[in-house]
Every structure is written in structure tokens, then in C-alpha cells.
Amino acid sequence: IDIKALRGSTKGVITLDPGYKNTGSCESAITFLDGEKGILRYRGYSIEELAEKADFLEVAYLLIFGELPTQEQLDKFHADIKSHSVVDDDIKKILDAFPKSAHPMGVLASLTSALTAFNPTSVNVDSEEEMYNAIVRILGKFPILVAWTMRKKHGMPLDYGSSSLGYVENILQMMFKNPTSDYEQNPILINALDKLLILHADHEQNCSTSTVRITGSSHAGLFVSLAAGISALWGPLHGGANQAVLEMLEAIKEDGGDTKKYMAKAKDKNDPFRLMGFGHRVYKNFDPRAKIIKVAANEVLSDLGVEDPILDIARGLEKEALEDPYFVDRKLYPNVDFYSGIIYRAMGIPVEMFTVMFALGRLPGWIAQWREMRLRKEPIGRPRQLYTGETYRPFKSIEKR
Ligand code: ACO
């Protein structure tokens with residue numbers, strides 16, 4: 001499609017498609033998704049192979065620049081990111097101003113936006129070089145913000161981690177390092193987090209990614225476009241589902257573990273309750289990421305020697321849903337968030353941080369989509385509407401209303 005030829009063609013018929021269920025907003029060469037067959041590929045590579053064979057930073061490079069990096073390219077990318085793995089001291093003051101009760105997603109969105117003020121050269125970026133510099137900056141700084149939102153909430157002193165560590169190892173260190181002792185890296189946790197981040201890294205034009213693209217389409221800077229995406233991800237129908245799943249599983253456990261009762265609630269059209277972690281706008285088959293995560297959850301829990309009754313409840317719900325005509329007819333299968341919270345919990349990550357971890361994983365996808373949109377010189381995103389309000393009415397003065 002010649003995007004340029006489409007420009008200015010605003011005289012056509014307006015299609016009404018609430019929720020954009022059948023509307024393509026762009027062309028994209030980043031992520032292929034077949035919801036009927038349950039296929040997900042990043043730049044042509046299957047999610048199964050990437051989750052097994054690649055690491056998160058390689059996948060980030062692949063998504064953003066289109067090819068798997070050579071060792072030399074990967075080393076340079078990592079070194080450039082490390083050189084920006086620091087934030088201005090005043091960011092700490094902004095963090096301090098938040099109450100402890102603040103949700104980490106709100107804090108993360110605000111701090112990501114605030115980074116703009118301290119990195120003015122990352123705002124008006126046009127050339128590929130300027131884009132690259134903004135990208136390595138945010139990849140360096142974002143994990144610090146993620147770790148700090150958690151440390152702040154738990155009253156832990158802020159930590160910068162160590163530049164000698166791998167990207168994901170350093171994230172764990174920054175999150176969990178105790179001020180009085182060394183943090184002992186656990187390969188099981190590094191591997192599990194790496195896999196989770198890869199699985200969340202991109203998912204074509206979902207709610208938060210579309211938000212990033214449309215915000216960036218006004219040529220607002222990368223960091224504020226990402227902050228908009230973080231806000232969109234926060235909602236329980238999107239990234240917030242991983243927190244909601246765990247809270248739901250806890251509530252079922254507290255209530256005696258009666259999964260059938262909650263299945264009935266989910267099917268009752270007079271009850272607003274939905275089975276969190278089930279259903280997807282695009283997948284009408286198993287979410288391939290859920291399959292990988294389910295296996296990983298079993299492995300992580302058994303490797304760590306954790307017995308979690310929540311996992312049994314999750315398995316029970318899944319089994320019942322797969323046999324229930326309501327779920328079968330509507331093609332409601334477990335999605336990526338159904339099992340991810342169980343792994344995060346086993347890793348010692350607090351529940352209110354789950355969606356923040358999703359944002360950390362999605363960061364390269366948002367960046368890749370923003371970069372693609374800018375390089376293709378896409379026009380500003382501006383949907384139309386069908387007006388359903390009053391026709392012309394003469395103004396009524398206040399005493400006559
Ligand atoms: N529990 C019970 N019923 C459900 C569920 C659910 N989790 N999800 C969908 N349904 C029902 C709807 O009530 C509707 O039934 P109806 O046809 O009788 O009216 C039908 O299935 C279709 O649902 P929609 O809401 O129209 O589907 P939509 O594509 O708009 O929504 C969504 C998809 C938001 C993911 C939805 O399935 C949902 O709310 N799931 C729970 C939240 C969740 O897990 N979100 C994470 C999504 S994945 C991600 O963002 C990473």
C-alpha cells in the first residue's frame with residue numbers, strides 16, 4: 001500500500017468499528033500473529049524458538065532493528081545501554097514525593113514521562129542516529145525506574161545494580177539486592193525472567209502499542225509516548241490482568257477453593273465478574289505464550305521447591321473452562337497473563353509489580369513500533385466518528401435554561 005497515496009484521502013466513507021476489531025491502523029513488519037491458529041512470530045522467528053534459544057536483549061535488538069544481532073552488534077548495543085544506566089538524582093526526589101500507597105504503574109508512567117525533562121535531546125528525534133541514542137537511553141534507564149518503584153514501595157534504599165552483569169541479571173539485582181549482603185544470582189530466576197520478558201516483548205497493535213504509536217504520531221517524544229503506553233497497559237482488561245488473575249486466584253482460595261462457583265459467576269450475564277486471564281481479542285485458540293508460560297511455571301515452582309496451592313486452582317479453572325460449552329463456544333482460552341503471575345510470585349515479586357514487569361518486557365516492542373511508525377513517516381493518527389448528538393440549536397441564555 002502506498003501510504004503517501006492514502007494521505008489526504010479523507011473524503012471516503014467513514015467505517016464505524018468500535019474497539020477497532022476489524023480495522024488495521026498501519027502496515028507493520030515486526031510481529032506476525034494468527035489468532036485462529038495460535039501463531040506468534042517476531043520478525044519471522046517463532047515465539048517458541050525465541051523463548052528457548054534467545055535472550056531478552058537479543059530479542060529486543062531483533063524487534064527494534066529487524067535482524068538478530070551478531071555478537072559484535074549485541075556487545076555494542078549492550079555497552080551503549082549500560083552507558084546510559086543512570087538517572088538524574090532529581091528523579092529520586094520525584095519518586096520520594098509519591099505516597100507509599102501509590103500504584104507502581106502510576107509511578108512508572110510519571111517517572112518515564114519525567115525523564116524527558118532530564119534528557120531534552122531525546123525529544124525531537126528525526127534521524128536514525130538520534131532515534132538510536134534515545135532508544136539506548138530508555139533501555140538503560142527504564143529498568144532502574146522499574147526496580148526503584150518496587151524498592152520505594154517496600155522501603156528499600158535505591159540501588160543502581162552493577163555494570164558487570166547481564167541485562168536481566170542486573171534487573172534482578174537492582175530489584176532485590178539487600179544493602180547489607182551480596183545478592184546471590186539464581187540461574188533459574190534469571191532464565192524464568194528472561195523467558196517471561198521475551199514472551200511479553202511485542203504483540204502487534206494491542207491497546208498500549210496502538211497508544212504509543214498514536215501518541216508518537218504527533219511527533220511527541222519517545223519517552224512520553226512510552227508513558228502513554230504504560231498508562232494504557234495498566235488497565236485490568238490489558239496488562240493489569242496479571243495482577244487481577246492472582247488476586248482472583250487468591251480470592252478463590254480464601255473462599256474455600258470452589259472453582260465451580262467462580263465458573264458459574266463468570267458465565268452469569270448479570271454478574272460483572274469475568275474469569276481474569278481468559279479470552280483474548282485476537283486469539284481464538286490457545287495463546288502460544290500461555291502454553292510456554294504454563295510449562296515454565298511448573299518448572300520454576302518445582303526447581304525452587306515451591307508448592308503453591310494457587311497453581312492447583314489455576315489448573316482446575318483451566319481444565320473446567322476447556323470442557324465448558326460457554327468458554328468453548330466463545331473460544332475463551334487462557335491468555336499470557338493466566339500463568340505469568342504464578343511465576344512472578346514464586347520469584348518473590350509483589351503482586352502490584354506484575355504489570356510493571358509486563359511493561360518492562362513490552363518496552364522493546366513499543367520502541368520498535370514507535371521507530372517503525374516514525375521511519376515510515378506515518379501521518380498523525382486521527383480516527384473519525386459518527387456524530388449522534390443534537391442538530392443545530394440556538395443558544396439559550398442562562399436565565400431561560
Ligand atoms: N470471562 C467470562 N466471559 C468472557 C470473558 C471472561 N474472561 N472474556 C470474554 N467473555 C465473554 C463476553 O462476556 C462475551 O460474551 P457474549 O458474547 O455472551 O456477550 C464474549 O465472551 C466475547 O467477549 P468480548 O468482551 O466481546 O471480547 P473482547 O475481544 O472485546 O475482549 C478481553 C477481550 C478484554 C481480553 C476479554 O476476553 C476479557 O475481559 N478477558 C479478561 C481480562 C484479561 O484476561 N485480559 C488480558 C488480555 S491479554 C493481554 O492484554 C495481555
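Structural remarks
- Pairs beyond 29 Å (Cα-Cα), from Lys152/Lys331; Lys265/Lys331; Lys76/Lys377: Lys152/Lys331
- Each residue of the range 30-43 was assigned a 3J(HN,Hα) from its phi angle through the Karplus curve 6.51 cos²θ - 1.76 cosθ + 1.60 (θ = phi - 60°); the sequence is 9, 10, 9, 9, 10, x, 6, 8, x, 10, 9, 9, 9, 6 Hz, with glycine and proline shown as x.
- For q = 0.11, 0.12, 0.14, 0.20 Å⁻¹, Debye-computed log10 I/I(0) when each Cα of the range 284-401 counts as one equal scatterer: -0.64, -0.69, -0.80, -1.14
- In sequence order, calculated HN-Hα J values of the range 118-126 (Karplus, 6.51, -1.76, 1.60; Hz; x Gly/Pro): 8, 10, x, 6, 8, 8, 8, 10, 10
- nm² value of the averaged projected area, convex hull over the Cα atoms of the chain: 25.1
- In terms of the mean number of neighbouring beta-carbon atoms within 10 Å, the peptides 56-62, 217-223, 131-137, 394-400 order highest first as 56-62, 131-137, 217-223, 394-400.
- Packing-based ranking, highest mean first, of 277-287, 352-362, 175-185 given that Cβ atoms within 10 Å are counted: 352-362, 277-287, 175-185
- Here the chain is assigned +1 on the Cβ of each Lys and Arg and -1 on the Cβ of each Asp and Glu. Its dipole about the Cα centre then comes out at about 1900 debye.
- Listed residue (Tyr20, His103, His84) projecting farthest to the positive dipole end of the chain, Cβ model: Tyr20
- With an a/c value of 1.5 or above and a/b larger than b/c for the gyration tensor axes a ≥ b ≥ c computed over the alpha-carbon atoms, the range 166-244 is described as prolate.
- Using every pair of separate Cα atoms, the Kirkwood estimate puts the hydrodynamic radius of the range 210-318 at 16.3 angstrom.
- The range 258-332: GluC sites (Glu not before Pro) in DSSP loop, at most 16 other beta carbons within 10 Å: Glu307
Throughout, read-outs are computed from the coordinates displayed, never taken from laboratory work. In this text, all values refer to a predicted model and were calculated from it rather than measured experimentally. Neighbour counts are summed over all protein chains in view; Cβ atoms, including those assigned to glycine, are modelled from backbone coordinates with ideal geometry.
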